[in-house]
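First comes the structure, then the notes that go with it.
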Amino acid sequence: MKNIRFLLLIIVSVALAVVKVSAQKSPDKYGTDSVSCMMHTSLYREYFKQKNFNDALPHWRWVFNNCPLASQNIYIDGTRIIGFKINETQDQFVRNAYIDTLMMVFEKRIKYFGNVPASRTGMVRGRQGLELEKYRPSDTLKVYSYLRRSVETEGINSDAAVVSGYFIIINDLVVSKRFSVDSLAEAYDKLGDLVDLKCELLKDDTTQLNRWNDVKSLLEARFGPYASCGEIEKIYSPKFKLSPDDTILLRKIIRLLDKKDCTGSELFLQAAGNLHKAKPSGQSAYLMGKLNLTKGDLVKAESYFIEAVPTLDDALKATTCFYLAKIYYNQKRYSEARSYAYKSLAINPADGRCYLLIGNMYAASAASCGGSDEIASLAGYWAAVDKFIKARNVDPSVADEANKNIAVYSAYFPTLERLLFNELKEGSVYTLGCWIGETTAVRASH
């Protein structure tokens, strides 16, 4: 301790000349006793560097009270010193007093250095709100006030943690019925725009972009339970009318409505169409295909799905191929339908829906493929049942439907007598003609 004091006295002595010159230029900066200001500053800083906050506290307090203009570090360091005392103190009365002191540190920082970029008012208010929420979360309205003022002042320069904290506190106030749901919707509207713009500006900075994407996810998760289709449309219909080609806005509208299963709304259809025109991609083409499929416009749906397939990831590509298979099945274009069903299965071999679809095609084609040949006209049902069995085996979720189809179409198998009459044995190999072209096993109905 003596060595430290001796070293500090040397530092103070060397610095006195500088202090005297500075005091002449700025007499208020170091208060009425510039020498003591420098001495206490040096002492608290030395203890602070050693994380000896208890010994730093009395010297820091002297500087805080007597030369508040000396440096903004007084307030930056003060938050750590007082935060340490808050965490250390068990007495609730003393703890509350330290929390009040911490809030005063933020207020003084704004008062004396609020015009300095590193201590600008909006930024400090944000830190003040987060610290109050940390140490006195019950003071909800004051936390809300600090964070709101921070976001309103900082705007696009807001910190991600402050934006998240602000929205969380509004959500909590809505849950406790102190604020209306409209307050949450309004905040989501404003903060969502801020976050989208921030993500666009930071798209080349992976670390920061990830932080802001987390904020975006938080906003959507908290707003989600209150976001009815009507609420979303109320917020975004006016925005869409003003900026119908804003791709950031269009993606947000589509994402929100899709998440709430509001894809049948006119706003969703218009936003999806405009996004595809502005920035066509495999995903936007897929979305347009799905919308037109829902509307029953199979021609447009087919066109969009074919456009989408080459650039989609595997999961969406498999789904898109299945949709194309269904379209061609409904149009009785069975060969094309089967082709796309197999393309889907090549990506996702456990999708029993594709085998069900192929089986239904074979069953629908059995009579026409067989012509006047009695056995040939029934052989399609053997191939159909093969696919239903395959569907059941690879995908338990379709087992019920597969079993029903097996029962229905097994009844169309030729009788054992008809097989013997046509010199066929059960279990022997049979090759179907027509577009089916499959090899199957001969079976009799039972």
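The values are calculated or read from the model by the stated rules, or taken from the named source; none is laboratory data. Quick caveat: nothing in here was measured; it's all calculated off a predicted structure. Neighbour counts are summed over all protein chains in view; Cβ atoms, including those assigned to glycine, are modelled from backbone coordinates with ideal geometry.
Per-structure values
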{"quantity": "Odd one out for Pro280 among (1) part of a helix (DSSP H, G or I); (2) farther than 21 Å from Tyr328 by Cα", "calculated": "(1)"}
{"quantity": "Some residue of segment 287-299 being out of contact with any strand residue (DSSP E or B) (no Cβ under 8 Å at 6 or more places or on another chain), part of a helix (DSSP H, G or I) and within 24 Å of Asn213 (Cα to Cα)", "calculated": "yes"}
{"quantity": "Hey, Phe167 more than 23 Å from Leu130 (Cβ to Cβ), surrounded by 16 or more Cβ atoms within 10 Å (Cβ to Cβ) and at pLDDT 90 or above or not", "calculated": "no"}
{"quantity": "Considering residues of segment 365-403 that are assigned to a helix (DSSP H, G or I) and acidic (Asp, Glu) only, the residue surrounded by the most Cβ atoms within 10 Å (Cβ to Cβ)", "calculated": "Asp386"}
{"quantity": "Cβ pairs under 9 Å, 6+ apart, first in segment 48-76 and of a type in the set (Ser, Thr, Tyr), second not in a helix (DSSP H, G or I)", "calculated": "Ser71/Lys29; Tyr75/Pro68"}
{"quantity": "Cross-chain or 6+ apart pairs with Cβ under 6 Å, segment 242-257 first and surrounded by fewer than 17 Cβ atoms within 10 Å (Cβ to Cβ), then in a loop (DSSP other than H, G, I, E, B) and not small (Gly, Ala, Ser)", "calculated": "Thr247/Lys279"}
{"quantity": "Condition met for Ala341 (surrounded by fewer than 15 Cβ atoms within 10 Å (Cβ to Cβ), free of Cβ contacts under 8 Å to residues at least 24 places away in the same chain and either among the hydroxyl-bearing types (Ser, Thr, Tyr) or in a helix (DSSP H, G or I) (or both))", "calculated": "no"}
{"quantity": "In segment 49-75, the residues that are over 21 Å from Asp28 (Cβ atoms) and part of a helix (DSSP H, G or I)", "calculated": "Lys49, Phe53, Asn54, Asp55, Ala56, Leu57, Pro58"}
{"quantity": "Residue within segment 390-407 that is touching a helix residue (DSSP H, G or I) at 6+ places or on another chain (Cβ under 6 Å), in contact (Cβ under 8 Å) with a residue 24 or more places away in the chain and among the β-branched types (Val, Ile, Thr) present", "calculated": "yes"}
{"quantity": "Residue count for segment 258-277, restricted to those that are touching a residue at least 24 places away in the same chain (Cβ under 8 Å), in a helix (DSSP H, G or I) and within 14 Å of Lys234 (Cβ to Cβ)", "calculated": "1"}
{"quantity": "Leading residue by the ranking (modelled with the highest pLDDT) among those in segment 198-244 that are aromatic (Phe, Trp, Tyr) and over 15 Å from the mean Cα position of the chain (by Cα)", "calculated": "Phe240"}
{"quantity": "So Val195, is it under 17 Å from the mean Cα position of the chain (by Cα) and buried (at least 18 other Cβ atoms within 10 Å of the Cβ)", "calculated": "yes"}
{"quantity": "Residue count for segment 198-241, restricted to those that are buried (at least 16 other Cβ atoms within 10 Å of the Cβ) and either among the acidic types (Asp, Glu) or in contact with a Cys (Cβ under 8 Å, 6 or more places away or on another chain) (or both)", "calculated": "8"}
